[in-house]
Amino acid sequence: MFTSTHLSTRSQTDQLRNPNYKEDIIYVTKHNKWVLNSIGIWPAMVEGIGKFLPKIAIGLSNLILFFTLVQCVLHIVLEQKDPLLRLKILGLTCFSFISLMKYWALTIRKPKIEYCIEQLYADWKQIEYQRDRKLMLKYGKIGRRLTVYSAVFMYSGGIIYHTAMQYAIGSYVDEFNRTIKLLVYPTYSGLYDVQKSPVYELVYILQCMCGYVFDTVTVGACGLAALFATHTCGQIDVIMSRLNDLIDGKFSKENSNTSVRLMEIVEHHIRTLKFSAMVETVLQEVCFLEFIGTTFVMCLLEYYCITDWQQNNKIGLTTYSLLLISLTFNMFLLCYIGDLLIEKSTNVGISCCMIDWYRLPAKSVQDLVLIIAMSSNPAKISAGRIVNLSLSTFASVLKTSFAYLNFLRTALV
């Protein structure tokens, strides 16, 4: 159990109903836990000195990110004169800055993330029937797969960028007959001489660590969205299953009447809506930064692909194409999750209309109207409460990035 000041939605003294809850929780949260533990965002489950490890990880990660980002800015402002190289470094700097802001947003929202994880644990423990467990596992598998897909795309692009691109830029001999070794992240020569050994090797290792943190923040944010949204979808499926059984009560407790069953459904529905509202609060800043940053960085990556194609730079073209695919897929993942959540939330009201409601007492029919009214404002994931993430939003991101690309090409010609 997590040690938290938040009160769980269920009493800790409630009888344990799902004997397989530990295996189920490990199955749906394992990959998110691996990713977020490495940057200190997943809540600590150990006592003693181990509880300080997340704070240490957050502090070290911020130092590494600042080390790289500040040097990129100084290099653009004070050293780099080539307009094309400045533009390429600008894309890298923007991605780094957006990732740092997302990391801060996740760090600030860490108590609420812990609260959501606690409720997720409680929901898995309190499963009453095997059919409910199957419904939740169905969406748990979807969330797990989406997290794995996000990790594969982001880490593949990051690894290739820090290896293939490092090899591609290589080194050159300057006018003083010195061999200049370049790095994927630019450095500022006013701070230290990166050409000396072992300074070059140490800086390269730090830059690889920085790239890992950048990719992990993106994967972690998408993984959290997938975990929480699919859990909400699973809970909604459980609610609809109970709605379909409301009249006959075949799968309900013995001696329970329609009013008791309906009361349990309403209670479960309200708890799920509160959970989804907390999830939206947790993710709103991260999704807003992802929405803005992805649109701009995608535009720059598209321009890099065009210029490398014209220059026949196959390694650069391949690397930037993979990075573009990775960012596009992660934006699609968030929009797909948001669309799925809206659709499932709306289906609760539809299920109320599709059951044999005319067989219910008049008072119970009035209570169903309340459920339908709550479903008219479905659960969603928003980007800063400005734009709701859905597949139509993803289409808008693509169109906007291409519009920016046309403007950029016209301005630089």
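Assorted remarks:
- Our summary of shape: the Cα atoms of segment 280-413 have principal axis extents of 75, 25, 24 Å, ordered from largest down, in whole angstrom.
- Answer label, with semi-axes √(5λ) of the Cα gyration tensor in Å calculated from the coordinates and candidates (1) 48, 24, 15; (2) 54, 22, 17; (3) 33, 27, 20: (1)
- Annotation for Leu202 and Ala44: the two label points, set 7 Å from Cα along the Cα-Cβ direction, are 2.8 nm apart.
- A straight chain from Cys94 to Ile56 at 0.36 nm per residue would run longer than the Cα-Cα distance by 11.1 nm.
- Order of exposure, largest accessible area first, which applies to Asp248, Asp356 with probe 1.4 Å: Asp248, Asp356
- Note on the chain: GNM, Cα springs under 10 Å; of Met165, Met374, Met354, the largest mean-square fluctuation is that of Met354.
- Principal-axis tilt of helix 314-354 within the chain, Cα atoms, nearest 10 degrees: 10 degrees
- Spin-label model, Tyr149/Glu79: points 7 Å from Cα along the beta carbon direction are separated by 4.0 nm.
- Between Val266 and Gln310, the contour length at 0.36 nm per residue exceeds the alpha carbon distance by 9.8 nm.
- Separation of segment 363-392 and segment 295-309, taken as the distance between their Cα centroids, equals 38 angstrom.
- Where the chain is the region considered: accessible area per residue in Å², 1.4 Å probe: 49 Å²
- At R0 = 22 Å, FRET efficiency that the Cβ-Cβ distance of Gln366 and Asn257 yields, to 0.05: 0.85
- The candidates Trp104, Trp42, arranged from most to least accessible area with a 1.4 Å probe in the full protein assembly, appear as Trp104, Trp42.
- Computed over segment 66-149, the convex hull of the alpha-carbon atoms projects to a mean area of 8.1 nm².
- Rg to Rh quotient for segment 184-312, alpha carbon positions, Kirkwood Rh: 1.30
- Rounded to the nearest 10 degrees, the inclination of helix 199-244 to the longest alpha-carbon principal axis of the chain is 20 degrees.
- Taking amide H atoms as placed 1.01 Å from N in the peptide plane, the amide H of Ala383 lies under 5 Å from those of Asn388, Leu389, each 5 or more residues away in sequence or on another chain.
- GNM remark for the chain: springs join alpha carbons under 10 Å apart, and the peak mean-square fluctuation among Ser321, Ser61, Ser99 falls on Ser321.
- Taking the chain and dividing mean pair separation by its residue count, relative contact order in percent (alpha carbons under 8 Å, at least six apart): 20 percent
The values are calculated or read from the model by the stated rules, or taken from the named source; none is laboratory data. Not measured: the values here are computed from a predicted model. Cβ: placed from backbone, ideal geometry, glycine included. Neighbour counts: every protein chain shown. Ligands, DNA and RNA are stripped out before the accessible areas are found, and what is left, the full protein with its side chains, is counted by its heavy atoms. Shrake-Rupley method; radii C 1.70, N 1.55, O 1.52, S 1.80 Å.
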